[in-house]
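Below: one structure, written as structure tokens.
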Amino acid sequence: MRAKINKIFGKMEDASKESPNPLVEQEQTVSDVENNTQQTEENNNINTEEGELPQTDSSPTAKLEEQIAELNDKYLRLFSDFDNYRKRTAKERMELAKTAGEDFFKAVLPVLDDFERGLKAMNEAADVNALKEGVDLIYNKLNNTLTARGLEPMISIGSTFDADIHEAITNIPAPSDDMKGKVVDELEKGYALNGKVIRYAKVIVGN
């Protein structure tokens, strides 16, 4: 009986020696994980010291590239808007240049109508004085129309010669001492439009 019991216990000891202990295996696994983690941290430290930083989406380079793309998009939009504005204003200026004198011509057309009626009347009228009065009326109407648009005739005779508004055609002896250096006669009247000289007066100056 005792021999059988010893035999059984002997088999159990042999089995325990052959089968691994689970606690021992667990301790070895934890140790391996710790060793791997430590090795990974050491490798990261080495890469960091060598200047090999990990790349992330929030890196300064990525932010700068995003800002550059945004600014470039804004620039293209502004350039497109300005180009459209330039084309539109150029078209408006061309249209304005074509119709700039429209109001002026509308104002002068009634005077032109009066001239046409006067020409017809000249072929039928026998009274010269009536024709003269008609011409005077047309002249005054035209003069008033131009004056209302800012046209101003220059008064040159008797004034001191001024190269800014006068064009001397010739010099003649002054009829009196007080007319020396002054305009003695006027060959062509000068005009200014809203204060700006648009035609110089052609004059004769006394010396």
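Values quoted throughout were computed directly from the atomic coordinates according to the rules given, and no laboratory measurement underlies them. Quantities reported herein were computed from a predicted structural model and do not represent experimental measurements. With ideal geometry, Cβ positions are generated from the backbone for all residues, glycine too; neighbour counts draw on all protein chains shown.
Tabulated values for the structure
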{"read-out": "Exposure proxy ranking, count of Cβ atoms within 10 Å, fewest first, for Asp103, Asp114", "value": "Asp103, Asp114"}
{"read-out": "Per-residue Cβ neighbour rank within 10 angstrom, fewest leading, Ile157, Ile172", "value": "Ile172, Ile157"}
{"read-out": "Dipole magnitude of the stretch 120-189, debye to nearest 20 (Cβ charges: Lys/Arg +1, Asp/Glu -1, about Cα centre)", "value": "240 debye"}
{"read-out": "Least to most buried among Phe161, Phe82 (fewest other Cβ within 10 Å first)", "value": "Phe82, Phe161"}
